[in-house]
Amino acid sequence: AQRVTQPEKLLSVFKGAPVELKCNYSYSGSPELFWYVQYSRQRLQLLLRHISRESIKGFTADLNKGETSFHLKKPFAQEEDSAMYYCALQGGSEKLVFGKGMKLTVNP
Amino acid sequence: DVKVTQSSRYLVKRTGEKVFLECVQDMDHENMFWYRQDPGLGLRLIYFSYDVKMKEKGDIPEGYSVSREKKERFSLILESASTNQTSMYLCASSPPNRANTEAFFGQGTRLTVV
């Protein structure tokens, strides 16, 4: 079975503080992992994918197969990062599942 | 620019009604998905389809059915709407996962069942 766990629902930080949004997964095969973001009144959109190993808007995420984790990190949060963040996993069957999401608030 | 369009932004239906939610994508994507989004529960997969006339149950299919007669259109059907189906419904499409590409989402349909 595919499962994504985001253990925290809310995170509130001040501008310039580091942030880490946790994501753990359960999947027997080789997973494809993603982070999606939903800004206020906007559509859900891709932030980054593990296979690209890229940094988007200062965010990075590393796949740790030993710990089955894919945590999202940013060293210096900005107010415009305030949004809902969802971790997602896609398996070989094309099934795409999401975690429960985390609301990040960056205060001025 | 990829477009996933859901036919309605807001719907209000009565308990027991049959409800159709329509989703159309214009990028010739093989995969299409229906989710419901509820506060504290995140996105829960209802059904997905990886090809025309093909469908797979997601994690919460009870009370729902789907139809995919054409590649660009994926319909979600509530056979007999109930108040616990009041929610935000999101449709998405994507190419096959072997390309490891992203899913594109519609703007959502907020359904209220009274």
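The table below gives the values:
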quantity	calculated
Members of segment B:58-77 that are buried (at least 19 other Cβ atoms within 10 Å of the Cβ) and within 13 Å of residue B:30 (Cα to Cα)	B:68, B:74
Spans of strands (runs of 3 or more DSSP E) in segment B:1-51 with at least 1 residues within 11 Å of chain A (Cβ to nearest Cβ)	B:4-6, B:31-38, B:42-51
Positions within segment A:56-65 being open to solvent by 70 Å² or more (accessible area, probe 1.4 Å) and either over 25 Å from residue A:17 (Cβ atoms) or not in a strand (DSSP E or B) (or both), in sequence order	A:57, A:65
Tally, over segment A:66-108, of residues that are open to solvent by 60 Å² or more (accessible area, probe 1.4 Å), outside any strand (DSSP E or B) and under 20 Å from residue A:43 (Cα atoms)	3
Pairs where the first residue, in segment A:1-14, is more than 30 Å from residue A:29 (Cβ to Cβ) and the second is open to solvent by 70 Å² or more (accessible area, probe 1.4 Å), C-beta under 7 Å, 6+ apart	A:10/A:103
Segment B:15-57, subset within 11 Å of the chain's Cα centre (by Cα) and not hydrophobic (A, V, I, L, M, F, W, C), residue most open to solvent (accessible area, probe 1.4 Å)	B:44
Matching residues, segment A:1-15, being surrounded by 12 or more Cβ atoms within 10 Å (Cβ to Cβ) and in a loop (DSSP other than H, G, I, E, B)	A:2, A:6, A:8, A:9, A:15
Residue tally, condition modelled with pLDDT under 90 and of a type outside the set (Asp, Glu), over segment A:23-62	11
Test: residue B:87 is open to solvent by less than 10 Å² (accessible area, probe 1.4 Å), under 22 Å from residue A:99 (Cβ atoms), at pLDDT below 95 and not basic (Lys, Arg)	no
Complete set of residues in segment A:28-53 that are in a loop (DSSP other than H, G, I, E, B), open to solvent by 50 Å² or more (accessible area, probe 1.4 Å) and closer than 27 Å to residue B:108 by Cβ	A:40, A:41, A:42, A:43
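The values are calculated or read from the model by the stated rules, or taken from the named source; none is laboratory data. The shown structure was predicted, so the numbers you read here are calculated from the model rather than taken from an experiment. Every residue, glycine as well, gets a Cβ built from its backbone with ideal geometry; the counts of neighbours run over all protein chains shown. Surface accessibility is based on the protein's heavy atoms, side chains included, excluding ligands, DNA and RNA. Shrake-Rupley method; radii C 1.70, N 1.55, O 1.52, S 1.80 Å.
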